[in-house]
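One structure is given here, and the rest of the page talks about it.
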Amino acid sequence: MAIPINNIKTNVVDRDDVKFVGIKLPLHKSDGRDGYFESTTLTYDEVKFNIINLIKTRKGERMLQPNLGIGLDKYLFENISDDLRLLIEDEVKTSFGVWLPFVIITKFNISTIDDNITEKNKLLLHIEFYINNNPSVMDSVDVVVE
């Protein structure tokens, strides 16, 4: 997980291709210049991977961090209603407040795939966000919970 730096008011522009922020997911072997695994050079790319990991991790799954994660897989077979959407959104925002407090969610959307019977029990989350209280640089991430 990324560690917030509270004394920086704006985002530092990632200009150096030789300095790495984190590891790309899914894991792939690197060509050697950035270590054993491929690495990210942009802060927003690493924050996206942190968001995906937080959403896809179940509470209690991580050793020594039993409260890390959300565990949205428990909602996969539920009927998606407005109340359930609000419950999921509240869980995500609460977890972000604890684990990713530097990420501000501006738009949150939950949907399902109804076209294909094999895709029916998946949640699609679309999250638009910015980091470090800098709304001039927005980004988004789509997460599929299976």
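Below, the figures for the structure above:
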| item | result |
| --- | --- |
| Spin-label zone in region 89-114 - amide nitrogen under 14 Å from a point set 7 Å from the Cα of residue 62 along the C-beta vector | 95-102 |
| Order by protection proxy (mean Cβ within 10 Å, highest first), peptides 60-68, 123-131, 94-102 | 123-131, 94-102, 60-68 |
| Peptide ranges 50-56, 38-44 listed from the most packed, as the mean C-beta count within 10 angstrom indicates | 50-56, 38-44 |
| Amide H contacts under 5 Å for residue 30, placed H, 5+ residues apart | 37, 38 |
| Under-5 Å amide H pairs with residue 57, H placed in peptide plane, nonlocal only | 70, 71 |
| Nitroxide proxy distance, nm - points 7 Å out along Cα→Cβ at residue 42 and residue 121 | 3.6 nm |
| Using θ = phi - 60° and Karplus 6.51 cos²θ - 1.76 cosθ + 1.60, couplings along region 132-146 (whole Hz; Gly, Pro as x) | 6, 6, 10, x, 6, 10, 9, 8, 9, 9, 10, 10, 9, 9, 10 |
| Amide H contacts of residue 22 (H built 1.01 Å from N, under 5 Å, at least 5 apart or other chain) | 40 |
| Listed pairs 29/59; 29/122; 29/107; 59/93; 19/59 exceeding 26 Å between Cα atoms | 29/59; 29/122; 29/107; 19/59 |
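None of the figures in this text is laboratory data; all of them are computed from the coordinates on show. Treat the numbers as computed from the prediction; the structure is a model and nothing was measured. In this analysis, Cβ positions are derived from the backbone assuming ideal geometry, glycine residues included, and neighbour counts consider all displayed protein chains.
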